[in-house]
Amino acid sequence: MAGWPESPRLIGTEIPRLDGLAKASGRAKYPSDMNPPGLLHGAMLWSPHAHAKIKSIDLTPAEKSPGVKAVVGVMKEGATVRYQGEVIAAVAAETEEKARDAVRAIKIEFEVLPHVVTEAQAMDPKSPEVFKGRGLANNTRKGNVQKNGDPEGGLEKADVKIEGHYSAPVITHVCLEPHGLTAKWDGPDKLTAWASTQAVQVTANELAGRFEIPATNVTVLTDVMGGGFGSKFGADLWGLLAAELSKKADGKPVKMFLDRAHEHLAAGNRPSAFAHVRLGATKDGKITGMIAETHGTGGASGGANFPLPYVYLVENRSRSHSDVFVNGGGARAMRAPGHPQGCIIMEAAMDDLADALGMDPLEFRLKNLGERDVVNQGGAPAPINRTKVYQDQVRIGAELIGWAKRKPRGTNGAGPIKKGYGMALHQWGGGGAPDKQVECMINPDGSVEVRSATQDIGTGARTILAIIAAEVLGLEVKEITSNIGNSTFKPGQASGGSTTTPSMSPPCYNAVLAARAELFEKIAPKLGAEPGDLSLAKGQVLVKGEAKMSWKDACRQLGMVPITTLGKFTPGLSANGVGGCQFAEVDVDVETGVVKVVKIVAVQDSGLIIDKMTWNSQVYGGIIGGLNYGLFEERVMDPTTGVMLNADMELYKLAGASDIPEIVVRAYETEEMKARGVIGIGEPPTIATAAAIGNAVTNAVGVRVPHWPMSPMNVLNALASNQGKA
Amino acid sequence: MTENDPKPKIGASRRDFLRGSSLAAATAVLTQQVQAEVAAEAANLQAADAKMLSGEVSLSLDVNGKAMTCTVEPRSTLLDTLRDRLDVTGPKRVCDRASCGACTTIVDGAPIYSCTTLAVSCSGKKIETLESFDTGERGVPHAFHQHDGLMCGYCTPGFVTACKAMLDTNPSPTLEEVRKGLDGNICRCGTYVGVLEAALAAAKAMKGA
Amino acid sequence: MKAFEYAAPATPELALQALDGKDSEALSGGTDLISRMKDYVTSPARVVYLKEIKALAGISGDASKDGLTIGAGTTLAALLAHKGLKDAYPALHQAASEVGTPQIKNMATIGGNLLQRPRCWYYRAGNGLLAMKDGKSLVRDGDNRYHAIFMTDGNALFVSPSSLAVPLVALGAKVTILGAKGERTIPVDQLYTVPKKDGDRELTIGADELLVKIVVPAAKGKNASYEARQKQAHDWPLVMASVHLEMDGDKVSDAKVVLYGVAPIPYRSEAAEAALRGKTVTMDSAAAAADAAVSGAKPLSRNAYKVPLTKTVVKRAVLAAVGNRYWEA
């Protein structure tokens, strides 16, 4: 099988995304923008309580409400709701205003039950057990202790030990386009849905399954969509409800998208992480042992585990993790699930131990990487040793941030503004799925289309496919039509886990190579040449390097029949397993606790980069996501009323333009890395940022700020508790 | 509810009193020009009883230079009216509470949040959405495209609109001014680096540099 | 949002006529009221839109001489664009420039800023201003990180939301209110009161009254504001201080120190004022005033951090008034 081109013309350069102008001029139509004729607007009744039994429910007033065309009940009398935001019923009406009125007209009585909404509340032995029948104690599922070597003995051997309690809160995805879809029946067994999804085919299959219609009769369309971050992999209950309401309303299209509060409550979150860590090392900085007890909540559905230890080699270790169940919306995959939590906990402990050792935390980290950390084992080309990659990356990053200017913890001058530096390492798997396909069509008019049932969630997937086709065919990127976001196309990758580009690039490349070969076969005789003599460049067909015919004329030779090829995955074009490091420089005002991030440096490998422009954007975006986690984000639950107190975009805080520091991104793009082929980039760069910021803040202020985010409250509380001790 | 339903407790004499007092109160505040306008309005007061709108009302709006008519309720926001009734879907609904800027629309030259603006209050005003912007090389959309100031693109209409409005009043902003000018918008994908570059590039391009 | 009837009167008297009745709400910029209506916290039967009333907008007077008269309908953008505001009233200018976003400054009016309702998340979740349930305060037992640290013996634990009221109180500004019985003029601080029981309002202005204008007297000395907030972009101040120092030579002859984010009203710190009187403004005297400012603070379970924060903003506002911005060095 052919490898990637050795001296590419387009691959690896900065190419603006194909749909960028449509998006930037308001012309791109998102699923939530669709207004098909006869459109009805959906709205949902969701539980205002964290835990309650439905004593009675009467949908009739909603049915009689003005403008209402359909009402569907989800929960009946006697049912129990387990979190604020759990869906109870849905309506479709002529206008959104009327749909919301109808929801409020539903007569419902609750018997409010005791709830637990925070980790502490759930684990308190005095609190009620709210998830009976799941085998929990104190609303907690204790995991097994994972033990390796002799952790207690390792700690005893340590010259220096630290013990720390660290935590990071639940955060939510805050996709800007809410979850939802617009559904429309074209006859009794044919359904079209415009869905804001990361997986058109999963969504289509769920819809087909729910209504027991042939999968071939369902079309899910996602031309563009407004962000998913791991939370939009299916039709979801609200998508099924839209289709059900549409069916009830004689097939009239129904648009059902969540409101902002409901997004926070029911559409996923990153679980919290709490850790009690004991870590020890010899005086020359070799870790001897680690004992960690951790817990976190993924809401009513669990799933709050995270990797620990993380990145570093800890041979003597013990880890026990408990999932805490609360009356809150369930966790969903969120950009690098688990890793940012593991990174925060591990890197905070690493920094604290380095400080206790009186050692540069950078040196301490390098001393504790495994000698060999082999990734892509068994894959082609050769596996790599990630430890060597880290060593290089850390050297580059340290130079770019000016690590030499860093002072030991708490020695940052007399003024109120303290400068601090911090760092963290991360890793991610990624890699391609081997079962996806791409079609390529070369039409007699010279137009070229690649198509597959993947979708572009903002990463640039559409543009990636066009770049590959243009590279092979000697055309410009804008001459390629990249047709994705349609569930009826050949199987395409769901956009998650940094797998889209490595899954889709190989079949795309193979499809276009096959189409080119077929074209060469057809036109070579007309040029009096062998197919092997032909090549393509700058819109020309070349024979032995000499331009002989324009691309369009060559395609015209096809007559009436386009070339259609199907590309499949072949090994060797993509790989998995990446590492990266990030550094943060912060200014902390110790009189206000306000943290300003001055600069972030990210050094990241991800194999062969297809589009440097969208690659950079992904890394910037990952960092800014991590900055939000480090400085601002926190889901605040009220223990008494059981509701989320900041289900908005004001007190749920996210960075604006003035919060963005200088960001320096450096691709670790050696020949060895490029030879690995394509690897995804969505998740890795968001992992280490919050950890690096927390460590920089701690370096600046002189005491560990153990609770994320680095808010004035958490920083001032850390300073105050330290004064209390002194 | 009937329109022009007079409130029972208000009598003619009190209204006369109010007329005098409010003008007196206003006099201290106003420039001469506005005073003249107020006086003119006062002269027309007999006919100018506050008209009550309720239920479904027909509304004509000047959107991107076109007169558009639809039926709304007084509670319909400008954003929902544009998106649901007029199929002007550039502005997006994200926070729906005047926090995130995705709905930014220019009304009488000033960028505002259309999610917390009532459509009926926009009658007679000039409403501009980004669909009306120049998509050529001197326009803000082009700069956002070329500098990848977008990813999923859902916040982008708001950023582009806020950026255009900022550059209309400050054609040569510093980076710091660009930040302040765009602080009313939130991006979740984290495209700010491209956004800031795009805004500075658009400033240059708009001047033909 | 519930349906309502809507009027957009062109004159103050028509507005008063439309507002007459218990279930009306006046609408200006809308960033507060429309959001509250969407959340069904406030559901008026009638909304009276005030922005068509030209008589309510505009600024007159000379800030450097006899003060300014600011129409209640003046947008924050127009206020900030007023020449002379920054020189004469840096305390007001600073606070106004930190409110909201460019879009909010175009929409919001100074009157609306003064009369916006508290941002307390228990109030906004529909629990009422005092957020009492079964005789107990949700705030006291709950997440009160953004709540009061003064006057916390009572049940009004929210913080007054207007960051412009704070410099206006410090500057001795007055507001003129028009109502059925005519016109009255009161100091800005008298716009606010501490609700004692469910159903009490925190505003003294009646629902059927109209805030017409704000009169800011000529500044008698130096003034400044300093606010601390988590985000640099759009965010609410955690706490803020405005000071107004009358000087006798290099000594403070009289002082006003007013705090945001610490009490259900714009909170005058008479202790800080007393600590400043007769003193030269130095790092030490500012720090002493800051210590005095928090002397009676009784924080709640989660907001003790506001005590050192309040000290800092008082110290910095006092020093900023005399041009010492030591934290920027």
**Asked** Tally Lys and Arg at +1 and Asp and Glu at -1 over the other residues with C-beta under 9 Å from the C-beta of A:VAL588: what net charge comes out?
**Response** +1
**Span from the the range A:683-726 Cα centroid across to the the range C:248-284 one, whole angstrom** = 33
**Prompt:** What is the Cα convex hull volume of chain C when expressed per residue in Å³?
**Reply:** 129
**Request:** Can you check what the net charge comes to around A:THR13, using other residues whose Cβ is under 11 Å from the Cβ of A:THR13 (Lys, Arg +1; Asp, Glu -1)?
**Result:** -1
**Asked** With the contact rule set at Cα under 8 Å and sequence spacing of 6 or more, what percent relative contact order holds for the range C:11-147?
**Response** 22
**Item:** Cβ-Cβ FRET estimate between B:LYS204 and A:GLU662, R0 fixed at 22 Å, reported to 0.05
**Value:** 0.55
**Asked** Whole number please: convex hull volume per residue of the Cα set in the range C:222-329, in Å³?
**Response** 99
**Request:** Any chance you could get the radius of gyration and Dmax over the Cα atoms of the range C:19-59, in Å?
**Result:** 11.4, 35
**Request:** Using amide H atoms built 1.01 Å from N in the peptide plane, name the residues 5+ places from C:ALA255, or on other chains, whose amide H lies under 5 Å from its own.
**Result:** C:GLU246
**Asked** Roughly how many nanometres apart are two label points built 7 Å out from the Cα toward the Cβ at A:ALA547 and A:ASP150?
**Response** 7.5
**Separation of the C:ALA207 and A:GLU163 label points, Cα + 7 Å toward Cβ, nm** = 5.9
**Point-charge dipole on Cβ atoms (K/R +1, D/E -1) for the protein assembly as shown, about Cα centre, debye to 20** = 1000
**Item:** Protection proxy ranking, peptides C:55-63, A:291-299, average beta carbon neighbours within 10 Å, highest first
**Value:** A:291-299, C:55-63
**Prompt:** What fraction, in whole percent, of alpha-carbon pairs in the range A:556-608 exceed 12 Å separation?
**Reply:** 79
**From phi via Karplus (6.51, -1.76, 1.60), per-residue ³J(HN,Hα) for the range C:208-219 in Hz, x at Gly/Pro** = 9, 10, 10, 7, 9, 7, 10, 10, 9, x, 4, 5
**Mean Cβ count within 10 Å, highest first, over the residues of peptides C:204-211, A:351-358** = A:351-358, C:204-211
**Asked** Residues of the range B:49-76 with amide nitrogen under 19 Å from the 7 Å Cα-to-Cβ point of C:ASP23?
**Response** B:52-56, B:73-76
**Contact order relative to length of the range A:105-167, as percent, for alpha carbon pairs under 8 angstrom and 6 or more apart** = 18
**Request:** In vacuum, with every alpha carbon of the protein assembly as shown counted as one equal point scatterer, what does the Debye formula give for log10 I(q)/I(0) at q = 0.04, 0.05, 0.07, 0.08 Å⁻¹? Two decimals, please.
**Result:** -0.23, -0.37, -0.73, -0.96
**Complete:** The long-range amide H neighbours of A:PHE229, using H built 1.01 Å from N in the peptide plane and a cut-off of under 5 Å, are none
**Request:** Work from the charge dipole of the protein assembly as shown (Cβ charges, +1 for Lys and Arg, -1 for Asp and Glu, about the Cα centre) and give the residue of A:GLN493, C:GLY199, A:THR481 farthest towards its positive end.
**Result:** C:GLY199
**Message:** Give the average, rounded to an integer, of partner chain Cβ atoms located within 10 angstrom of each Cβ in C:171-183.
**Reply:** 2
**Request:** Would you compute, for the Cα atoms of chain A, the largest minus smallest coordinate along each principal axis and list the three values in descending order, in whole Å?
**Result:** 88, 70, 46
**Complete:** For the range A:666-726, the charge dipole (Cβ of Lys, Arg +1; Cβ of Asp, Glu -1; about the Cα centre) points to a positive end, and the Cα of A:PRO712, A:GLY680, A:ALA692 closest to that extreme belongs to A:PRO712
**Asked** Using a ≥ b ≥ c from the Cα gyration tensor of the range A:296-344 (square roots of the eigenvalues), is it rounded, prolate or oblate, where a/c under 1.5 gives rounded and otherwise the larger of a/b and b/c decides, a/b for prolate?
**Response** oblate
**Request:** Considering the options B:GLY181, B:PRO111, B:THR161, tell which one lies farthest towards the positive end of the dipole of the range B:111-189, charges being +1 on Lys and Arg and -1 on Asp and Glu at the Cβ, about the Cα centre.
**Result:** B:PRO111
**Message:** Taking beta carbons within 10 Å but only from partner chains, what does the mean come to for residues B:190-201?
**Reply:** 5
**Request:** Scan around A:ILE15 for amide H atoms under 5 Å from its own, H built in the peptide plane at 1.01 Å from N, and keep only partners 5 or more places away or cross-chain.
**Result:** A:LYS612, A:MET613, A:THR614
**Phi-based couplings in Hz for the range A:444-458 (Karplus 6.51, -1.76, 1.60; Gly and Pro marked x)** = x, 7, x, 6, 10, 10, 10, 9, 6, 8, 9, 8, 10, 9, x
**Counting all C-alpha pairs of the range A:396-475, share separated by more than 23 Å (%)** = 56
**Complete:** FRET efficiency for A:LYS568 and A:GLU6 from the Cβ-Cβ distance with R0 = 25 Å, rounded to 0.05, comes out at 0.65
**Complete:** Karplus ³J(HN,Hα) for the range A:123-129 (6.51 cos²θ - 1.76 cosθ + 1.60, θ = phi - 60°; Hz, whole; x = Gly/Pro) runs 7, 5, x, 6, 6, x, 7
**Request:** Would you mind putting A:449-456, A:511-518, A:537-544, A:548-555 in packing order, based on average other-beta-carbon counts within 10 Å, highest first?
**Result:** A:449-456, A:511-518, A:548-555, A:537-544
**Prompt:** Around C:SER295, with a cut-off of 15 angstrom between Cβ atoms, what is the net charge of the other residues, counting Lys and Arg +1 and Asp and Glu -1?
**Reply:** +2
**Prompt:** What fraction of the Cα pairs in the range A:183-303, stated in percent, has a spacing above 18 angstrom?
**Reply:** 62
**Prompt:** In percent, what relative contact order does the range A:131-287 have, based on Cα pairs under 8 Å that are 6 or more apart in sequence?
**Reply:** 36
**Request:** First check a/c for the range C:188-241, with a ≥ b ≥ c the square roots of the eigenvalues of its C-alpha gyration tensor; if it is under 1.5, answer rounded, and if not, answer prolate when a/b is larger than b/c or oblate otherwise.
**Result:** oblate
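Read the figures in this text as sums done on the coordinates, not as results from a lab. Because the structure is a prediction, the values reported are computed rather than measured. In this analysis, Cβ positions are derived from the backbone assuming ideal geometry, glycine residues included, and neighbour counts consider all displayed protein chains.
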